[in-house]
Amino acid sequence: MVFARGRRRVAMAVAALVGAGAVAVVVHRVLAPAEVDTPARADYPAAVTPAVGVVGRLPVAPLIVDGRLRVYAATRQVYADQPADSRYRVTPYWSYRRWPAEVSGVVAEGTTVVSRWSDGKLVALDARTGRVAWEADGPAPAEGWTARRTGAGAVWDPPGLFLARAADGRPVLVVSGADGVRGIALADGRQLWSADVDGGCRADVATTAAGQFVAVDRCAGPATVEFRDVVTGAQTTRWAPPGATAELAVTPVGCVSHRSRCRGLRTTGPADGAGRGWLVGSGPPVAAPALDLAGSELDGERVVAAADGAVSGRAARTGEELWRRADLGPARIIAAQPGRVHLLTEANDLVTLDPSSGAERSRFPLDVGRDGIGWVPGLAYAGSGYVAMERLREPADPDADDQRYFLNSEPVVLAAT
């Protein structure tokens, strides 16, 4: 009996050890850092020419890449579907996941898709295959996933990620964090430069078409606009607009993509102060009075503004009126891309105009199925001839949970203009 009880104790101890080992293996597999790259299994899709009008509705915000794919972001995943003009979201063309890091933001240039993660890792994917092209370390973002359910904040307004071009045309990625800024060669992930900064007293603005990174610096005295060369990181200009105060805010305009390769800036002081518009090139900013009006947009050296029930185009430097349209009723500019400015009317019609002439490229209601037009616009995006927009319940309450904030389970409307 004594030997039997002893054998049972030994057996129980062994079983306990085996069980603990199995649990440890499972915990390690679940919680250990990991990445899963699921590449494309189909051929790279051909470019499409979508019919003008509403394409469809989506549960998440798309980033149009190379006119062929739609790229999306989730808390721990970046993935794509195709074709770009599909009415609904479909089975992923490729997918990339990391654990336990979270997605901070995503940008795309040509066929390169770069994701930034909460641990500071930068991962570039080849959009044609979904395979990792390169990885690099960047300054860690202040936070990880901050976007709402649609992910629009990660793909349409990625914090601390800016695309640029060197003077010789080389693409550059500028990455900003709480304690540093780095320039990364987009082709291979090489670090071009690094600068230590205090994110607590600085505000990122944009990159310019002339290859400079712009930020507002409040760290040592009055607020100053700082310009750095995107290839070397060297400061090229420090500039303060007339009458600048500690409340100086700078908004980029005339950008190729969100806050990237921009041709103009609008500076404002206190909330009730008038704005001033500027063209930016290789030297100090040049006054552009036509850009003073809040909400106006820049295309080349032409400014489009909506005010007092009319839409007009003006010469940026002189303010001379080039064209005017008073047939759209009250409208506001919601997005712009090179050669197109997009306005939303009171009836939620999307109107796309040619900035050079005011000619109407397209006009249609942003209505899908039986959703109707009883909504208010949220974040918006324009690229590759498409416009996408979040639709919010009316009245929009930014403090509401996602179910009450968004119009429905597929709040993003995608349109071709």
Task: Debye-sum result for the chain in log10 I(q)/I(0), which assumes one identical scatterer on each alpha carbon, at q = 0.08, 0.14, 0.15 Å⁻¹ - done: -0.48, -1.37, -1.53
Open item on the list: Treating only the Cβ of Lys, Arg, Asp and Glu as charged (+1, +1, -1, -1), what charge dipole size does the chain show about its Cα centre? Round to the nearest 20 debye.
Closed with: 1600 debye
Open item on the list: Quick check: with the 1.4 Å probe, what order do Cys255, Cys262 take by accessible area, largest first?
Closed with: Cys255, Cys262
Open item on the list: Which one, Leu125, Leu344, Gly264, projects farthest toward the positive side of the charge dipole computed for the chain from Cβ point charges (K/R +1, D/E -1)?
Closed with: Leu125
Open item on the list: If packing is taken as the average number of other Cβ atoms within 10 Å across a peptide's residues, how do 367-377, 60-70 rank, most packed first?
Closed with: 60-70, 367-377
Open item on the list: Eigenvalues of the Cα gyration tensor times 5, then square-rooted: what semi-axes does that give for the range 80-142, in whole angstrom, largest first?
Closed with: 23, 13, 10
Open item on the list: Probe radius 1.4 Å, ligands and nucleic acids ignored: give me the carbon and sulfur share of the accessible area of the range 55-144 as a rounded percent.
Closed with: 42 percent
- [ ] Report the FRET efficiency, 1/(1 + (r/R0)^6), for Thr129 and Arg190, where r is their Cβ-Cβ distance and R0 is 30 Å, rounded to 0.05.
- [x] 0.90
- [ ] Go through 406-416, 184-194 and give me the packing order, highest mean Cβ count within 10 Å leading.
- [x] 406-416, 184-194
Task: Helix 2-31 axis, angle to the chain major axis (alpha carbon atoms, nearest 10°) - done: 10 degrees
TODO: Take the alpha carbon atoms of the range 218-251, find their center, do the same for the range 159-186, and report the distance between the two centers in whole angstrom.
DONE: 17 Å
- [ ] May I ask you to list the GluC sites (Glu not before Pro) in the range 205-314 that are in a DSSP loop and have at most 15 other Cβ atoms within 10 Å of their Cβ?
- [x] Glu247
- [ ] Take every Cα-Cα distance within the range 269-417, group them into 10 Å bins from 0 onward, and report for each bin the whole-number percent of pairs it holds.
- [x] 11, 36, 32, 17, 3, 0
Task: Cut-off 10 Å between beta-carbons: net charge of the residues surrounding Ser260, Lys and Arg +1, Asp and Glu -1 - done: +2
Open item on the list: With an 8 Å Cα cut-off and a minimum separation of 6 or more residues, compute the relative contact order for the chain in percent.
Closed with: 11 percent
Open item on the list: Quick check on packing: order 162-175, 124-137 by the mean number of other C-beta atoms within 10 Å, highest mean leading.
Closed with: 162-175, 124-137
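The values are calculated or read from the model by the stated rules, or taken from the named source; none is laboratory data. Note that the structure is a prediction, hence the values are computed from the model and not measured. Don't worry about glycine lacking a Cβ; one is built from the backbone with ideal geometry, like all the others, and counts go over all protein chains shown. What goes into the accessible areas is simple: the full protein's heavy atoms, side chains included, and nothing from ligands, DNA or RNA. Shrake-Rupley method; radii C 1.70, N 1.55, O 1.52, S 1.80 Å.
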